[in-house]
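To keep things clear, I will list the structure first and then write my remarks on it.
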Amino acid sequence: MKIKKSKVNLWSSTTLSLLILYTIFLIIPLIMLLSESFIDRDTGQFTLDNFQRFFGKKYYYSTLFNSFKVTVLVTAIAVALGTTLAYFFARFEIKGAKTLRILVILSSMSAPFVGAYSWILLLGRNGVVTKFFEGLFGIQMPDIYGFKGILLVLSLQLYPLIFLYVSGAFSNVDNSLLEASENLGCTGVKRFFKVIVPLIFPTVLAGALLVFMRCFSDFGTPMLIGEGYRTFPVTIYDAYMSELGGNNGFAASIAIIAIIVTLVIFLIQKHIANKNAFTMNSINKIRPVKIEGIQNSLIHIYAYLLIALSIAPQVYVIYTSFRNVNGTVFTSGYSLNSYVIAFSKMGNAIRNTLIIPLISLTFVLIFAVFIAYLVVRKRSKITAVIDTVSMVPYIVPGIVVGIALSNTFSRPPMVLTGSMTIMVIALIIRRLPYTIRSSVATLQQIPMSIEEASLSLGASNVKTFWKITIPMMSAGIISGAILSWITMISELASAILLYTGKTRTLTIEVYTQVLRGNYGVAAALASILAVLTTLSLVLFNKVNKGRDLSM
Amino acid sequence: MSVAIDINHALKKYGKNVIIPDLNLKIEDGEFFTLLGPSGCGKTTLLRMIAGFNSIEGGEFYFDDNIINELDPSKRNIGMVFQNYAIFPHLTVRANVEFGLNNRDFNKKEIGPMADKFLKLMQIFEYRDRMPENLSGGQQQRVALARALVITPDVLLMDEPLSNLDAKLRLEMRQAIRDIQKEVGITTVYVTHDQEEAMAISDRIAVMELGEIQQIGTPQAIYHRPVNEFVASFIGRTNFITADCDKDEVDVLGHKVRVKDLDYKGKVKVSIRPEEFMLTDDTNTIKAIIKDTIFLGLNTHFFMELPNKQIVEIIKESMIDSKIETGKTVYLTINVDKVNVYTEDGTNNLVIAHEN
Ligand SMILES: Nc1ncnc2c1ncn2[C@@H]1O[C@H](COP(=O)(O)OP(=O)(O)OP(=O)(O)O)[C@@H](O)[C@H]1O
Ligand SMILES: [Mg+2]
């Protein structure tokens, strides 16, 4: 029985290392944040001053409501758009479905603020579309800034996540379930709501939570297009920037409030999800069918219009990157000038944009697979702790991660601020929960008996893990990796607080250039970013051998 | 190189639920042993304990003289056919079948032909390069069978391996399993719902209920001498008639018969299988009115009402011009060599009790 013991040790030492890492890089920074917000740095006394300040002024607390309003609406819209689109793609033959699918993913790839910036170029005060309508009809276009703008940008930005999640769920719905319901006299819209919606409900719920978290903690979009409409993350950022170097108490307190809000939402979602949990496993996937007539046209119009709208900002940014620029104003004619400037200035930003996420992704994948395996297959009290802790970053907004890390690691015993390491750590912390979730979900859907079959056929535990478990998880892991990679290279929230001249990334650079009004350079950099993401998508597609991306 | 399986006082709990309270079983080397029992009685649970996938809460499991309670499943040299197939979805049919061979010290050159042999035997050779998701349920099941058989394990565990096949394939596969099992002499534990299959294929059968073994015996013993009312009713069909017993004389609704090897006084339950009733002209027997008949080709089933209003089922070979029609009155006597007599609570077979 010696063999058995050493195996137990492998898994328990993995568990222990994970716990230690989580403690150093997540728990301690969060505790520091907590103490910062409740303890007066000068007197060392417990204080509620910071919270009183926040809730005492409408200027501050109203941002909480603003964020809520935007987030709830965006989530609802994204769910409606994403679910219907995924359903159409799963059920009906849509011309160019493959390309459309890629476009949807592409449109979600950019940082949301790029969308915001592009919509300003299109629909803003001096926007092309605005000017066009004014010049032609004398019509005053509705204002894009503020609440409406945020809503538009984030809805279009985030519904693809629901689309991806739900498409994945559809690939797990066995076709015989649909046939059975048809057989029992339940078809069409009725079947959609009675059979399909309940089947994909847990997935929609998970996707909705993701959208909620993204939206609630998005910082770039309201910064650019929000104007007077202030949201919560903007407030945190402002507070942190104004306190920089000194007492971070106020920013820390707002950060704590943000965590409490997201925690509550998370717990509510979890409660609902637990009540509706079940697993599915499909042998016969749903195959899209060809339909005719008006229904067919409507579905096509819906799909094409929605996807055109979501990809428009990126296309327009790429287009403007080739236009001539004079200072902050686009002039007539086309050239590569913006690119020349971009490359001459931003060489290391491009490199950083590849290296930092790549290192992070490697760690994320390794951690995620191990944690998922521990959590699902080696259940114990300790792995349950890891499970819970690993989900903490899910509810901590990026900007708060940034604050917590830079707070903790700007002083001994471990000084990391300004290094690439801290950017990598931030990304790992930020993205790990997502990859863990997708790995866990995949693993849960693999019946235990398949691994048992492998064991009974004489494969060792380790061999079963590598030859059976990992390959069966690979679809899930890869799709998790894609999502992680996408969000990593467009990460702004945590990076904006951690970067230095040496570790700036393309995303940060685009953002700062937009703020400075260097639209040409910003557009060129954003285009490079878009090309980069497109290429990685193509690469992943190759690796995935043309299987469904969203699986 | 098969083994005998010895199970002593096995205990299985899921949380607080006791599924198998105390089970003892000895399966001979090379034996074809079948577990039969109603759904949920613990057949899969027991099988998985033998395979090493379920924790064992108590008792000892032996392969020959070696205790295997803690032995890693991959070291048990077991072939298992899972109730839900458990085909590797990411491997082709052939790769599925070869998987176990690759884990053993086989010459790479031998593996291909060995897999081919079993693919052909299971009639899935033509699908060898397909992915499992493109196979029908029955085809997948045969992949699972081939995968388990090809490694010629010490012990073969099969959980309803033929449940998804049509009648013809079922017979063919049944024969194939039996042939391979005999040829190699693999100790086999087989789970099925199909009694006929169990009878046809098994050396011995264990009838289980609620995690307890009710009876172990050859198909003949189980069918002809069920130890209690549960086994008698679960295996085949039977009619129970309450009667009075005095020594070896049983009074079945006024018809007195002598049953060999019986010595009891009091109320009893007589178990008479449909074929153990005989028609007679003697009116001093049991009077019955025919209520319904079902023609099944070889045999015809009759449902008859006895004087106590009980409906019993009787089977006779079908005849060209049957004179027994619904509504008619007939007289019945009993094949006393075959009937079984149970105590009134059904727990004891009084005939066996005396035979032994
Ligand atoms: N993982 C589990 N947790 C709790 N109870 C279980 C578990 N697996 C099985 N059981 C219970 O144990 C009992 C025996 O189950 P088992 O699967 O062994 O039945 P079975 O005889 O194989 O039935 P069937 O013929 O329907 O396959 C059932 O009551 C079942 O509900
Ligand atoms: Mg079973």
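Observations on the model:
- Sole exception among (1) aromatic (Phe, Trp, Tyr); (2) within 16 Å of ligand 2 (Cβ to nearest atom); (3) more than 11 Å from every other protein chain (Cβ to nearest Cβ) for residue B:53, by number: (3)
- Of B:170, B:104, all but one fail to be of a type outside the set (Phe, Trp, Tyr) and away from chain A (no Cβ under 12 Å); the exception is B:170.
- Residues satisfying the stated conditions in the range B:74-95, i.e. farther than 26 Å from residue B:209 by Cβ and either more than 9 Å from chain A (Cβ to nearest Cβ) or touching a strand residue (DSSP E or B) at 6+ places or on another chain (Cβ under 9 Å) (or both): B:76, B:77, B:79, B:86, B:92, B:93, B:94, B:95
- Figure legend. Inter-residue proximity from the range B:189-202: first residues within 14 Å of chain A (Cβ to nearest Cβ) and closer than 18 Å to residue B:30 by Cβ, second residues within 14 Å of ligand 2 (Cβ to nearest atom) and in a strand (DSSP E or B), beta-carbon distance below 8 Å, spacing 6+ or different chains. Indicated pairs: B:189/B:34; B:189/B:35; B:189/B:157; B:189/B:158.
- Wholly enclosed strands (runs of 3 or more DSSP E) of the range B:180-232 bearing at least 1 residues more than 15 Å from residue B:41 (Cβ to Cβ) and either within 16 Å of ligand 1 (Cβ to nearest atom) or not basic (Lys, Arg) (or both): B:187-192, B:212-217
- Verdict on residue A:493 being away from chain B (no Cβ under 14 Å) and hydrophobic (A, V, I, L, M, F, W, C): yes
- Residue within the range B:64-73 that is away from ligand 1 (no atom under 16 Å from the Cβ), in a strand (DSSP E or B), at pLDDT below 90 and closer than 30 Å to residue A:463 by Cβ present: no
- Scanning the range B:1-45 for residues that are more than 16 Å from ligand 1 (Cβ to nearest atom) and surrounded by fewer than 16 Cβ atoms within 10 Å (Cβ to Cβ) turns up B:1, B:8, B:9, B:24, B:26, B:28, B:29.
- Matching residues in the range B:47-63 - criterion: being within 8 Å of ligand 1 (Cβ to nearest atom) and either touching a residue at least 60 places away in the same chain (Cβ under 8 Å) or assigned to a strand (DSSP E or B) (or both): B:47
- The single condition among (1) free of Cβ contacts under 8 Å to residues at least 12 places away in the same chain; (2) farther than 24 Å from residue B:152 by Cβ; (3) within 13 Å of ligand 2 (Cβ to nearest atom) that residue B:84 does not satisfy is (2).
- Candidates B:147, B:170, B:142, filtered to the one that is assigned by TED's automatic domain parsing to the domain that holds residue B:122, closer than 13 Å to residue B:200 by Cβ and part of a helix (DSSP H, G or I): B:170
The rows are residues; the columns are (1) more than 10 Å from chain B (Cβ to nearest Cβ); (2) surrounded by fewer than 22 Cβ atoms within 10 Å (Cβ to Cβ); (3) modelled with pLDDT of 85 or more.
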{"residue": "A:395", "(1), (2), (3)": "yes, no, no"}
{"residue": "A:419", "(1), (2), (3)": "yes, yes, no"}
{"residue": "A:422", "(1), (2), (3)": "yes, no, yes"}
{"residue": "A:451", "(1), (2), (3)": "no, no, yes"}
{"residue": "A:456", "(1), (2), (3)": "no, no, yes"}
{"residue": "A:459", "(1), (2), (3)": "no, no, yes"}
{"residue": "A:465", "(1), (2), (3)": "yes, yes, yes"}
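- Residue count for the range B:21-46, restricted to those that are of a type in the set (A, V, I, L, M) and within 11 Å of chain A (Cβ to nearest Cβ): 0
- Taking the listed residues A:245, A:333, the one that is closer than 29 Å to residue A:498 by Cα and modelled with pLDDT under 85 is A:245, with no other qualifying.
- Scanning the range B:255-265 for residues that are surrounded by fewer than 19 Cβ atoms within 10 Å (Cβ to Cβ) and either at pLDDT 90 or above or not in a strand (DSSP E or B) (or both) yields a count of 3.
- A count restricted to the range B:266-306 and to residues that are β-branched (Val, Ile, Thr), surrounded by 17 or more Cβ atoms within 10 Å (Cβ to Cβ) and assigned to a loop (DSSP other than H, G, I, E, B) stands at 1.
The values are calculated or read from the model by the stated rules, or taken from the named source; none is laboratory data. These numbers come from a predicted model, not from an experiment. Don't worry about glycine lacking a Cβ; one is built from the backbone with ideal geometry, like all the others, and counts go over all protein chains shown.
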